[in-house]
Amino acid sequence: MSIIPQIMSAILTTGHGGFEVLEFRTDVKVPMPMSDQVLIKVLGAGINNTDINTRTAWYSKAVTGETNSNEGLDEDGGWSGKPLDFPIIQGADCYGEIVAVGVGVNSERIGERVLVRTIQQYAVGYRPYECWTMGSECDGAFAEYMVAFSEESFKIESDWSAAELASIPCAYSTAENLLERSNVKKGEVVLITGASGGVGSAAIQLAKRRGASVVAIASKSKADAVKVIGADEVINREDRLVSSLENESIDVVIDLVAGSDWADLLDALKRGGRYAAAGAIAGPIVELDIRTLYLKDLTLMGCTVQDSQVFINLIGYIERNEIKPLVSRTYPLKDIVSAQKDFLAKKYVGKLVLLP
């Protein structure tokens, strides 16, 4: 049995703001699990937009710009619109090993390697469209140890590396949820924006797994890498979609970008097409011609809360090697600022991961 220390290294987010609110500490008390929780030694923690958006208060309704905007209000800076209780430990991705359990959890779980579900419903009694996000409503994985509810900690048996497994929870569950909610089927054509990022690259793999054809939007410099992931066609994000794609040629749009060219996405959809969103990195305020929506019988859907089956499916995909992780770079925990700067600069295809 491993010896559990009393203190640990962790990144404390001390409030909404820039990188100055990220404080690397080596004297943080190791948390102890409550009766229905487990203590996890963190082996890898991915970098995600949601961590940065929460830190900068981008979720605030006061923000109208892209995701590196820092103009939000403390009162509604969290994704749920409620104030956060700082300091918090962020980190929406966790891969680790259970080293202790609460009194209500079977001790045989000690030693299990687990992935922790990012969008959690246990704490809210599995009520529809309610959830906790790890690293927001509860402390996350930017630390050497973290506690998680036993029911939200899923055993994983895989020969992937710690960094590879840590790249999965947030991005891949978001992508799988988008595809599941929009009911992507074999033979359909799916358009994916932000295709070189963590969620976008995951969506490419997962759409191909379903037998769909993928049209990806990415920068010209990343086009070849996106094709390697599985995209059938790549459109330069600097080009207008209407000049690069036949009108009404897409069955489903998976959108992570939004922004000023958003209306072009609906024009690209076939009649009866579906649009699903889980991000707005180019800006959340868009212009909708309501006639396009109703005359084409389109379905628009936002995708945050996930049925628990989404994460269970991902565990199966990993264990059967039906998908491949895409980790571009790893960093020590103390270098979180460098990792987030690289993430915002969109220097890499796929995921960046901290190794505590």
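The values are calculated or read from the model by the stated rules, or taken from the named source; none is laboratory data. Bear in mind the structure is a predicted one, so any value in this text is a computation, not a measurement. Note that each Cβ is placed from the backbone with ideal geometry, even for glycine, and that neighbours are counted across all protein chains shown.
Numbers for the structure displayed
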| item | result |
| --- | --- |
| When residues of the stretch 192-211 are limited to those that are over 21 Å from residue 239 (Cα atoms), crowded, with 21+ Cβ neighbours inside 10 Å and of a type in the set (Gly, Ala, Ser), the one nearest to the chain's Cα centre (by Cα) | 198 |
| Within the stretch 172-221, tally of residues that are part of a helix (DSSP H, G or I), farther than 15 Å from residue 277 by Cβ, touching a strand residue (DSSP E or B) at 6+ places or on another chain (Cβ under 9 Å) and of a type in the set (A, V, I, L, M) | 3 |
| Residue list for the stretch 191-221, filter: modelled with pLDDT of 95 or more and of a type in the set (D, E, K, R) | 208, 209, 210 |
| Spans of strands (runs of 3 or more DSSP E) in the stretch 233-349 with at least 3 residues of a type in the set (Gly, Ala, Ser) and at pLDDT 95 or above | 269-277 |
| Residue that is nearest to the chain's Cα centre (by Cα) [pool: residues in the stretch 20-59 that are closer than 20 Å to residue 344 by Cα and free of Cβ contacts under 8 Å to residues at least 60 places away in the same chain] | 53 |
| Qualifying position, being farther than 22 Å from residue 216 by Cα and in the same structural domain as residue 204 (by TED's automatic domain parsing), among 267, 261, 289, 307 | 289 |
| Flag if residue 157 is surrounded by fewer than 21 Cβ atoms within 10 Å (Cβ to Cβ) and in contact (Cβ under 8 Å) with a residue 40 or more places away in the chain | yes |
| Filter result for the condition that a residue is under 23 Å from the mean Cα position of the chain (by Cα), buried (at least 16 other Cβ atoms within 10 Å of the Cβ) and more than 19 Å from residue 94 (Cβ to Cβ), over 354, 265, 298 | 265 |
| Test: residue in the stretch 88-110 that is among the hydroxyl-bearing types (Ser, Thr, Tyr) and surrounded by fewer than 19 Cβ atoms within 10 Å (Cβ to Cβ) | yes |
| Residue in the stretch 37-53 that is buried (at least 17 other Cβ atoms within 10 Å of the Cβ), charged (D, E, K, R) and over 15 Å from residue 120 (Cβ atoms) present | yes |
